[in-house]
Amino acid sequence: NSKLRHVEKDVLIPQIMRDRAKELCSDKVQAFTKCCQETGFLMVVKCRQENTALKDCLVGYYSDPLFYEECKTEYLKQREDYRATGIKKKRQKLASNV
């Protein structure tokens, strides 16, 4: 049964999308984080370029219908595994530390 409840469409799948997009944009996440750590209070002004690059990367994934379908498929697989075993599996992180 692949029918999705409201919470699955609006909360659970978007959470997978956010997690995966952060992993896929990890170089931009790291650049923005590094800029903020080095800049401190003036980060709003000084890290604008890094922030824009990060937002563009994330929004590119969030608005991609194929990416949504990939994440939906991943969610449905997790849900099927959970229903079969009763064991909730943690998502595997990529090798990079984000």
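Run the helix sum for the chain: -39,500 (n - 2.57) per DSSP H stretch of 4+ residues, divided by residue count, reported at 222 nm to the nearest 500 deg cm²/dmol.
Theoretical 222 nm ellipticity from helices: -21500 deg cm²/dmol.
Normalised by the residues of the chain, what does the relative contact order come to in percent, with Cα pairs under 8 Å and at least six apart?
36
Just ASP81, ASP56, ASP27 to compare: in a GNM of the chain, with alpha carbon springs under 10 Å, which one fluctuates most?
Result for the chain, Cα springs under 10 Å: ASP81 fluctuates most.
If you build the convex hull over the alpha carbons only and average its shadow over all orientations, what do you get for the chain? Give it in nm² to one decimal.
For the chain, averaging the hull's shadow over all directions gives 7.7 nm².
Provide the per-residue ³J(HN,Hα) series for region 46-51, in order, calculated from phi with Karplus coefficients 6.51, -1.76, 1.60 and θ = phi - 60°, each as a whole number of Hz, with x at glycine and proline positions.
Using θ = phi - 60°, the values come out as 6, 9, 4, 5, 5, 5 Hz.
Top mean-square fluctuation among GLN49, GLN15, GLN37, Gaussian network model of the chain, C-alpha springs under 10 Å?
For the chain, modelled as a Gaussian network with Cα springs under 10 Å, the answer is GLN37.
Give me the accessible area of SER63, 1.4 Å probe, in Å² rounded to the nearest 10.
Counting only protein heavy atoms, SER63 exposes about 80 Å² to solvent.
Set the bar at 21 Å for Cα to Cα. Now go through LYS3/LYS77; LYS22/LYS89; LYS55/LYS89; LYS55/LYS88; LYS28/LYS72 and name every pair that lies beyond it.
From LYS3/LYS77; LYS22/LYS89; LYS55/LYS89; LYS55/LYS88; LYS28/LYS72, over 21 Å: LYS55/LYS89; LYS55/LYS88; LYS28/LYS72.
Quick one: among ALA53, ALA84, ALA31, which has the greatest mean-square fluctuation in a GNM of the chain with alpha-carbon springs under 10 angstrom?
In this elastic network of the chain, the residue with the biggest mean-square fluctuation among ALA53, ALA84, ALA31 is ALA84.
Over region 6-82, what percent of the accessible surface lies on carbon and sulfur atoms, probe 1.4 Å?
58
Which one of CYS36, LEU12, GLN49 is farthest out on the positive end of the charge dipole of the chain, using unit charges on Cβ (Lys, Arg +1; Asp, Glu -1) and the Cα centre as origin?
Farthest towards the positive pole: LEU12.
Which value, in debye to the nearest 20, gives the size of the charge dipole of the chain about its Cα centre, when Lys and Arg are +1 and Asp and Glu are -1 at the Cβ?
Its charge dipole is roughly 380 debye.
The values are calculated or read from the model by the stated rules, or taken from the named source; none is laboratory data. Everything numeric here is computed off the predicted structure, so don't read it as measured data. Methodologically, a virtual Cβ is constructed for each residue, glycine included, from the backbone with ideal geometry; neighbour enumeration extends over all protein chains shown. Just the protein is used for accessible areas: all its heavy atoms, side chains included, with ligands, DNA and RNA removed. Shrake-Rupley method; radii C 1.70, N 1.55, O 1.52, S 1.80 Å.
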